[in-house]
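Worksheet: one structure, shown below.
The values are calculated or read from the model by the stated rules, or taken from the named source; none is laboratory data. Remember, it's a predicted structure, so these values are computed and weren't measured experimentally. We place every Cβ from the backbone using ideal geometry, glycine too, and count neighbours over all the protein chains shown. Side chains are part of the model used for accessible areas, which takes the heavy atoms of the whole protein and leaves out ligands, DNA and RNA. Shrake-Rupley method; radii C 1.70, N 1.55, O 1.52, S 1.80 Å.
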Amino acid sequence: MRRTAIIAACLAGAAALAGSRLPAVDGRAVILTGAGGTSLNEEQAALKTARRQSEEARSRSERLERQAAAARSEADQARRRAAAMAARIQQAEADIQAAQARIAIVARLQRAQAARLAARQEPVVRLTAALQMMAQRPLALALVKPGSIDDAIHMRAVLGQVLPVIRERTAGLRAELERSRALRATAEQAADSLAQSQQDLKQRQAALQRLEAQKRLAAQDYRANADLESDRALALGERARDIVDLMDRLEEAGDLRDRLAALPGPVPRPARPDRARAPAPARPRSLGAPPPYRLPVVGQLVTGMGEVSEGGVRSRGLTIATRPDALAVAPTAGRIVFAGPYRGYGQIVIIDHGGGWTTLITGLLRLNAAVGDVVRQGDPLGNAGPGRPSITVELRRNGRPVDIVPLVGAG
């Protein structure tokens, strides 16, 4: 009975090893969904997006640094340096998101690798146990027990057929072990990259704070009427029914300000008043072409324009999930007409770009901008909150929402 069990065990282990088949995978798509419910394709898309955002931010920062070096006035130089540092901060934020996505992908691959190793190791373990049982029977014992020689000949014949398969399968197992070591090395590289990006972010945030202080000192002569204008904007906010009404009121105030600024100065009394011509009627404000535009924060788009939320509200802009304390910058050039808290939207910023175009940014925790500030594209505006914050940006033309997506990248 014992020798029959040994032969059966060997045959079972060899058959399991010969017949073992692994999922048809290439090391990238064994586990389709992770703990967070995201698929590997989604994680790879997030990694690709983060890398693209990092490259775009790096290009912007280099361009702004060249502009800062060529600036003549101290105030203009300080502003451009601050904008360049803001781009560097967003580059570091994108690098952090890329490193986190890479770590998630590697962790997924390691789980798949562990499953493959378990599938390959099981038949090897079974065959090894059977061979150990054979090794416990001395060879001389086969000469005195009837049937033992026949069993040994049969076993050797079976193993002679199975050994090539064993070599092939164990070679595959060794390859899987090599892949596991490579994945561990990749995971360490991703962790090092994340730590370096986080360190870069801290250093650049501190540098931006210093540049912001220099910028305020350099521009303090231009803020004589800022407090009065800010009070007027806050008063409009208190009277507005909702955020759409607030933007309408601010647009009306902007139109009035533009018309007053465009009025001609006093003219001398004509010698013959009876022959004087009436002044030409004011031309309606031109809406102009859409401004070059970019998204204010680095992150993943979670809500597009026109999508209906769970509460049944249709989105008028884009909502972007970003990292804690993410820096928000001006999507394009303009003038700050509102900056402060507003009715459940957190700290908001409204920018008048001229020509009928305005931008609303909501969901900020801290603001660096103030009413009356003239901003260029990329100038820092404020920061998002903790946790998993989301920032909403809306672009309006003459009071009507405009889809931002076709405009992004034009600048």
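Overview of values
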{"quantity": "Given (1) in a loop (DSSP other than H, G, I, E, B); (2) open to solvent by less than 20 Å² (accessible area, probe 1.4 Å); (3) not polar (S, T, N, Q), number of the condition Asp325 does not satisfy", "calculated": "(2)"}
{"quantity": "Any hit, segment 48-64, residues being modelled with pLDDT under 85 and either open to solvent by 20 Å² or more (accessible area, probe 1.4 Å) or not in a helix (DSSP H, G or I) (or both)", "calculated": "no"}
{"quantity": "Qualifying residue in segment 333-349 (condition: part of a strand (DSSP E or B) and touching a Phe, Trp or Tyr at 6+ places or on another chain (Cβ under 6 Å))", "calculated": "yes"}
{"quantity": "Residue check for Val371: part of a strand (DSSP E or B) and in contact (Cβ under 8 Å) with a residue 40 or more places away in the chain", "calculated": "no"}
{"quantity": "Selected residue (criterion: nearest to the chain's Cα centre (by Cα)) from residues of segment 364-385 that are under 14 Å from Gln347 (Cβ atoms) and surrounded by fewer than 19 Cβ atoms within 10 Å (Cβ to Cβ)", "calculated": "Gly385"}
{"quantity": "Qualifying positions in segment 328-343 - open to solvent by 10 Å² or more (accessible area, probe 1.4 Å) and under 25 Å from the mean Cα position of the chain (by Cα)", "calculated": "Ala333"}
{"quantity": "Every pair of residues 6+ apart whose Cβ atoms lie under 7 Å, when the first sits in segment 37-50 and is outside the structural domain of Ala92 (by the TED database) while the second is modelled with pLDDT of 85 or more and surrounded by fewer than 16 Cβ atoms within 10 Å (Cβ to Cβ)", "calculated": "none"}
{"quantity": "Single residue of Ala98, Ala104, Ala82 found to be of a type in the set (A, V, I, L, M), closer than 21 Å to Val374 by Cβ, assigned by the TED database to the domain that holds Thr49 and modelled with pLDDT of 80 or more", "calculated": "Ala82"}
